[in-house]
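Trainee: Structure in structure tokens, see below.
The values are calculated or read from the model by the stated rules, or taken from the named source; none is laboratory data. Computed from a predicted model, the values in this text were never measured in an experiment. Heads up, the Cβs are rebuilt from the backbone with ideal geometry, glycines too, and the neighbour counts pull from every protein chain shown.
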Amino acid sequence: MSSVEPNIYDPQQVEAAAQKFWEAEKAFEVNETSDKPKYYCLSMLPYPSGALHMGHVRNYTIGDVISRYKRMTGFNVLQPMGWDAFGLPAENAAIKNKTAPAKWTYANIAHMRGQFKAMGYAIDWSREFATCTPEYYVHEQRMFTRLMRKGLAYRRNSVVNWDPVDNTVLANEQVIDGRGWRSGALVEKREIPQWFLRITDYAQELLDGLDELPGWPDSVKTMQRNWIGRSEGLEIQFDVRDLDGAALDPLRVFTTRPDTVMGVSFVSIAGEHPLAVHAAKNNPQLAALLAELKQGGVSEAELETQEKRGMDTGLRAIHPVSGEQVPIWVANFVLMGYGTGAVMAVPGHDQRDFEFATKYALPKKQVIALKSPKNDDERNYDDTRWQDWYGDKSRETELVNSAEFDGLDFQGAFEALAERFERKAQGQRRVNYRLRDWGVSRQRYWGCPIPVIYCDKCGAVPVPEDQLPVILPEDVTLNGTGSPIKADLEWRKTTCPDCGGAAERETDTFDTFMESSWYYARYTSPGAREAVDKRGNYWLPVDQYIGGIEHAILHLMYFRFFHKLLRDARMVDSNEPAQNLLCQGMVIAETFYRQNSDGSKDWFNPADVDTVRDERGRIIGATLRTDGQPVVIGGTEKMSKSKNNGVDPQTMVAKYGADTVRLFSMFAAPPEQSLEWNEAGVDGMARFLRRLWAMVHKHVADGVAPALDTAALSAEQKAMRRKTHETIGKVSDDYGRRHSFNTAIAAVMELLNALAKFDDASVQGRAVRQEALQAAVLLLNPITPHACHGMWQLLGHAETLLEDQPFPQVDAAALVKDSLTLAVQVNGKLRGTIDVAADTSREQIEVLAKEEPNTAKFLDGLTIRKVIIVPGKIVNIVAA
């Protein structure tokens, strides 16, 4: 601190001094030899885009506050950092900037590492890795080859979104209005070979495991349950006849409502279904439709919202109960990748089937009726109101128009039909899952090479472990189409490990969710020969995981799945990867724009706009600073480049200091809620830190404080000390149990307000002030560690690591009150207050309450009926 003027809070100097000390001391490097209980705090690893954004700042500050607090309360805390470094954005940036993805990625990592360190996060940088390095992805490749040998990794054809310009598969989220998000080309449905992991083998365990995660938000667990989508039903076989009556391969459909089977008036199949392809051979119109259906995406959301389209194939399915022939239609809302690619259509009792049947004038038949109709309106079936007979779970229903099954309720019909179909080998009970196997192939360059060799003789062969890693060449040139390794014949050429013959490498790379599904485990075992060694069982499971709720399904599902793969490989002992999950809210900011004549909008950064606010702080006017002309107020939105409402953390740190930015990001809203950016609020946090620093300096400048003698305190001194320990109790609960950091900060602010009014320069008064200021510094340290590091030294302590100082403990004796202030009410209305000793008897309290001057005035002429005393709070005199 010798370079810092102690009476002036200079965040740049204070933060540089603290960071230099932490680095010299290797303050946050940890190992497994500690005798303290472990605590693993992990925030989702960032993508190295090149710059931190405010969402990063909030996410990692939350994790840092928890980490520092847990260390101060006696834990051996691990908080690591790495980089989710593969992915398509790097390829696009490389094309735009005419550089290699590797060079762009490593430069971004170096820059962002500096930004992280400038924020003062208590990270064990000795465990850092980037997922794009062979040292990392070799373990992923090794795991995949082992899964291949166990049958948990396999290759099959799959219908995908194909961008014909970028020559790559697109995720559903990358298809916008039927076009590729980058190229703008019309997306095609294409069937190509893809590698999959059998996550469906773990579907029930993934579902059951959610009950073992009480520390996860219910909303996340609900989303995962719905995504897994366990359903019990029947798989029913429909025999099929060709146009000439010849038998074809039967159709199998899965339904959770077999009780509606007698309402089937047609069967829907996907355009890729073998029966559709067969029927189209001699039907040009159908062939044309199948070609059209290959356009557009394959997401369920798109299927639900698009216009229903289809065509009769001419094929007929034989109803498994009635024996009647029902038409088989191609429908654009059925996909081969979901279920069996065929659906039994019950338009009388299903909205999607109803819309399709209405459009194509197909029959609708009622087979469900209300058991006890209240009137003719409920008794008389109307096919436009099918929900009344099917969707109302509160009303009892029964089968009608269903032959021998008439009168049965759902469960009775289910059992009767299951027995019939199983006896006749026409179907069976089945548990089905919405969850599908995880497709891990990507037709892109910047990813981990899939370790497979293709041999004409031996087929797909896993690369032997002693030949791993299969290294991705980094010195490449991208032109925007295709993958460099597909074009690199020398890289592709190899020999078959089984027969020694000529062979080729797989040129697809892994989905980047692969890298982020097991990274948490690698942090525990840096340098290990396997993905995880025995150190993993020391640290795992993660005690606190932090990240956005947008990852609730894909990442967090794969994260849980991969942990079970590691467990089954005997690398870890636990069943779940993280005990507690905190999903932080978004950072939002005001948006401003002007409408162009063509309907487009020009968005302006809030930093370039002057605003006028009403008395409640709401923006009621805005002008662009450069020309003084009005702009449209667009409301608050998530910070994004598209709306130009992002705030550069580096600019804020340069202006206010990292601690102020950290303080605002924790004070402006609870972690789970959205945080609205407000620079006036940031400035307020800067004033608060300057005020605290000045109070510490003034106290120190007045001389060394004496030891505290609790037996010699006056009433005012006891009251100040009581406030200090009430604050300690409040902040401890807010940090530890509630994760309510905004209320913790508010409590420290209240303590400082009380301290500012405590005008006592006596010996014990200064001792009480010393205790309060030391408590404030220790309490704020998890949030503002640089400033607290400096203030701790000002308060007379050697340069030490605050995280190794015990978190303040409540002195129960300090909370005991010598006197009490009681509210006095007459018939429930406040009329006055009285101050009494803590040990004053009930009788004395009644007398003092009645004699209180204002209360006595309101009692004049009344008869007291009774006196109710709430100990330590209220005296209520009931009188008439």
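Trainee: Looking at (1) in contact with a Pro (Cβ under 7 Å, 6 or more places away or on another chain); (2) at pLDDT 95 or above, can you tell me which one ILE546 breaks?
Mentor: Evaluating ILE546 over (1) in contact with a Pro (Cβ under 7 Å, 6 or more places away or on another chain); (2) at pLDDT 95 or above leaves (1) as the failure.
Trainee: Would you mind finding the one in LEU290, LEU286, LEU315, LEU275 that is buried (at least 19 other Cβ atoms within 10 Å of the Cβ), closer than 30 Å to TRP181 by Cβ and touching a strand residue (DSSP E or B) at 6+ places or on another chain (Cβ under 8 Å)?
Mentor: Unique residue meeting the criteria: LEU290.
Trainee: Here's a follow-up. Could you grab the pairs with beta carbons closer than 7 Å, sequence gap of 6+ or different chains, first residue in segment 14-27 and polar (S, T, N, Q), second one buried (at least 17 other Cβ atoms within 10 Å of the Cβ) and at pLDDT 95 or above?
Mentor: Final answer for the pair search is GLN19/GLY120.
Trainee: I'm trying to understand the selection: among the residues of segment 145-173, which are surrounded by 18 or more Cβ atoms within 10 Å (Cβ to Cβ) and either in contact with a Gly (Cβ under 7 Å, 6 or more places away or on another chain) or assigned by TED's automatic domain parsing to the domain that holds MET112 (or both)?
Mentor: Listed by number, the residues that qualify are SER158, VAL159, ASN161, ASP163, ASP166, LEU170.
Trainee: Let me ask something else about it. Pairs only if they're at least six apart or on different chains, beta carbon under 6 angstrom, first in segment 105-116 and within 22 Å of VAL476 (Cα to Cα), second of a type outside the set (S, T, N, Q) and part of a helix (DSSP H, G or I); list them, first residue then second.
Mentor: Filtered contacts from segment 105-116: THR105/ALA90.
Trainee: Inspect all residues belonging to segment 656-670 and state whether any of them is more than 30 Å from VAL810 (Cα to Cα) and either part of a strand (DSSP E or B) or under 26 Å from the mean Cα position of the chain (by Cα) (or both).
Mentor: no
Trainee: In the same structural domain as GLN306 (by TED's automatic domain parsing) and under 45 Å from the mean Cα position of the chain (by Cα), is that true of LYS424?
Mentor: No: the conditions fail for LYS424.
Trainee: Test ILE553 against the stated conditions and say whether it is of a type in the set (Val, Ile, Thr), touching a strand residue (DSSP E or B) at 6+ places or on another chain (Cβ under 7 Å) and touching a residue at least 40 places away in the same chain (Cβ under 8 Å). Show your work before the answer.
Mentor: On the way: of a type in the set (Val, Ile, Thr): yes; touching a strand residue (DSSP E or B) at 6+ places or on another chain (Cβ under 7 Å): no; touching a residue at least 40 places away in the same chain (Cβ under 8 Å): yes.
No, not satisfied.
Trainee: On to the next question. Residues that are out of contact with any Pro (no Cβ under 6 Å at 6 or more places or on another chain), surrounded by 17 or more Cβ atoms within 10 Å (Cβ to Cβ) and in contact (Cβ under 8 Å) with a residue 24 or more places away in the chain, at least 1 per element: which strands (runs of 3 or more DSSP E) completely within segment 798-880 meet that? Let's see the steps before the verdict.
Mentor: Details: elements: 819-826, 829-837, 864-870, 874-879.
Of the strands (runs of 3 or more DSSP E) lying wholly inside segment 798-880, those with at least 1 residues that are out of contact with any Pro (no Cβ under 6 Å at 6 or more places or on another chain), surrounded by 17 or more Cβ atoms within 10 Å (Cβ to Cβ) and in contact (Cβ under 8 Å) with a residue 24 or more places away in the chain span 819-826, 829-837, 874-879.
Trainee: Continuing with the same structure: Please enumerate the residues belonging to segment 636-692 that are loosely packed, with under 15 Cβ neighbours inside 10 Å and β-branched (Val, Ile, Thr).
Mentor: Residue satisfying the conditions is THR651 alone.
Trainee: Any idea which of (1) in a loop (DSSP other than H, G, I, E, B); (2) surrounded by fewer than 18 Cβ atoms within 10 Å (Cβ to Cβ); (3) touching a residue at least 40 places away in the same chain (Cβ under 8 Å) is the one LYS374 doesn't satisfy?
Mentor: All conditions pass for LYS374, except number (3).
Trainee: Working carefully through the options VAL57, VAL77, find the one that is at negative phi, in contact (Cβ under 8 Å) with a residue 24 or more places away in the chain and under 19 Å from the mean Cα position of the chain (by Cα).
Mentor: Going through VAL57, VAL77 in turn, the sole match is VAL57.
Trainee: For segment 551-597, name all the residues that are in a loop (DSSP other than H, G, I, E, B) and hydrophobic (A, V, I, L, M, F, W, C). First the steps, then the outcome.
Mentor: Of all residues in segment 551-597, those in a loop (DSSP other than H, G, I, E, B) come to 552-553, 569-577, 579, 585-586, 596-597.
Those that are in a loop (DSSP other than H, G, I, E, B) and hydrophobic (A, V, I, L, M, F, W, C): ALA552, ILE553, ALA569, MET571, VAL572, MET586.
Trainee: So in segment 4-59, with the set limited to residues that are in a loop (DSSP other than H, G, I, E, B) and among the aliphatic types (A, V, I, L, M), which one is farthest from ALA110 (Cα to Cα)?
Mentor: Going residue by residue through segment 4-59, those that are in a loop (DSSP other than H, G, I, E, B) are 4-10, 26-37, 44-53.
Narrowing further to those that are among the aliphatic types (A, V, I, L, M): 4, 8, 27, 30, 44-45, 51-52.
Working: VAL4: 29, ILE8: 32, ALA27: 21, VAL30: 23, MET44: 18, LEU45: 15, ALA51: 10, LEU52: 12 Å.
Across segment 4-59, the extreme among qualifying residues is ILE8.
Trainee: If you don't mind, there's one more thing I want to ask. Answer yes or no as to whether LEU802 is under 23 Å from SER67 (Cβ atoms) and touching a helix residue (DSSP H, G or I) at 6+ places or on another chain (Cβ under 7 Å).
Mentor: Yes, satisfied.
Trainee: More than 30 Å from PRO871 (Cβ to Cβ), crowded, with 16+ Cβ neighbours inside 10 Å and touching a Cys at 6+ places or on another chain (Cβ under 7 Å): does that describe LEU794?
Mentor: In short, no.
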